[in-house]
Amino acid sequence: MAVSSASNVGTGRQVFKQLSGTDLQFRTLTQGNGMTLTQNANDIASAVNQAYSFNWTGQDKFLGSTAEASIPSDAAVPGANLFSACISRTAQSGNDETVQPALLIKGATASNTDSFEWLQLNFLDDYASNGENTPFYSKAYKRSAGPIWGGVFEVKNWGSDQSAAMYGLEISLQSNGTAATGMHVGCALYYGGLTAVASEQEAGIRISPMAGQDLTANLRYGVVVAGKAGEAFAASANGNKAFAAYGSYSTAAIDLSLAASAPIGLYFGRGQRIKFTSGTGRGGNNTWYSGAFTPAIVGALEILVDGTTLYVPVCSNHP
């Protein structure tokens, strides 16, 4: 019996087109961007071209294998739900203590690699005259007892070469001309409470050895300021002390002897004084003696008061 008709079943795209006389006519399959079709003897094989660069345009591209993570209320501002691509993952309770990233980017280099392998490059070419634009923003909310980090940069040198550069974090700040006061800042740290209530944080910047390495870890310099700086360290806070030194120092808590050009070692303003405490200090020696005695003058300490040079006698003996 001759075939008089053919039909498509299901709700997908229709492969059968029409019956033309005694000829059954079917639609052909064509490969799109990033897709290859191979016609074999009994089948047509489809494969994704992994070398193809996909270009996603438009908004709201969602990727994810678990329930979509909710957006916090204070982040649901107008436009926050618009994105070019979203990878969303909600971690369920009871998972073992292993790293489970929502997005994993892996890379490796050969021993003779000469290229600059940057696993992630965020670039923003900003021509906007308003707004707050950033090529990278990290945000984390702590709602329970578990520890949390807003961001971590970790570099480990497992090789034997100690001469090449190694940075945990580099910030490059460049511009043409002089910036307005407070406008160009390499690293800004802001602190405070979630609301208007009083709050207190432990430290703005903390430098300390890795856990368990208090006796073996050594840091050559805690903070280094090089080049031309108007004020290497400036304190304008309201607190108890602008600078405090704790710990143990074999040479001096503050050493100004190596300053190449510093006509004034310490500068005091009106009403400011130097305070000494009598008795034995932490260094093991007395810093102040009281009572009358005949000094054996060996020299003088030069000080400058309102432009006038004065000399404080220095003796070699004590009461």
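The numbers here are math on the coordinates, done by the rules we state, and not lab data. No experiment lies behind these values; they were computed from the predicted model shown. Here Cβ is always computed from backbone atoms with ideal geometry, including for glycine, and neighbour counts include all displayed protein chains.
Backbone amide hydrogens, once placed in the peptide plane, bring ILE87 within less than 5 Å of LEU63, excluding anything fewer than 5 places away on its chain.
Under 5 Å between amide hydrogens, built in the peptide plane, is the criterion, and for LEU24 it picks out nothing among residues at least 5 positions away or on other chains. Scanning residues 5 or more positions from MET35 or on other chains, those with amide H under 5 Å from its amide H are ASN49, with H placed 1.01 Å from N in the peptide plane. Charge dipole of the stretch 191-319 (Cα centre as origin; +1 on each Lys and Arg Cβ, -1 on each Asp and Glu Cβ, all else neutral): 80 debye, rounded to the nearest 20. Quick one, can you get me the convex hull of the C-alpha atoms of the stretch 94-243 expressed as volume per residue in Å³? Measuring per residue, one finds 282 Å³ for the Cα hull of the stretch 94-243.
If a spin label sat at a point 7 angstrom from the Cα of GLN162 along the line to its beta carbon, the backbone N atoms of the stretch 205-228 nearer than 16 Å would be those of 216-221. For the stretch 1-138, the relative contact order comes to 12 percent (Cα pairs under 8 Å, sequence separation of at least 6). Ordering TRP158, TRP56 by the number of other Cβ atoms within 10 Å of each residue's own Cβ, fewest first, gives TRP158, TRP56. By the equivalent-ellipsoid construction on the alpha carbon gyration tensor, the chain comes out with semi-axes of 71, 23, 22 Å, ordered largest to smallest. With R₀ fixed at 22 Å, the C-beta to C-beta distance from SER248 to TRP288 puts the FRET efficiency at about 0.50.
For LYS241, the lysines whose Cα comes closer than 23 Å to its Cα, not counting residues fewer than 8 places off in the same chain, are LYS275.
For the pair ASN130 and ILE87, the difference between a 0.36 nm per residue extended length and the Cα-Cα distance amounts to 12.6 nm. Peptides 12-19, 128-135 ranked from most to least packed give 12-19, 128-135, packing being the mean of other C-beta atoms within 10 angstrom over each peptide's residues. Among beta bridges identified by DSSP and lying wholly in the stretch 8-129, the antiparallel ones come to about 80 percent.
Beta-bridge orientation, the chain: approximately 90 percent antiparallel, per DSSP, counting only bridges with both partners inside. Which of these, THR28, THR98, THR309, has the largest mean-square fluctuation under a Gaussian network model of the chain (Cα springs below 10 Å)? Evaluated over the chain, the most mobile residue of the options is THR309.
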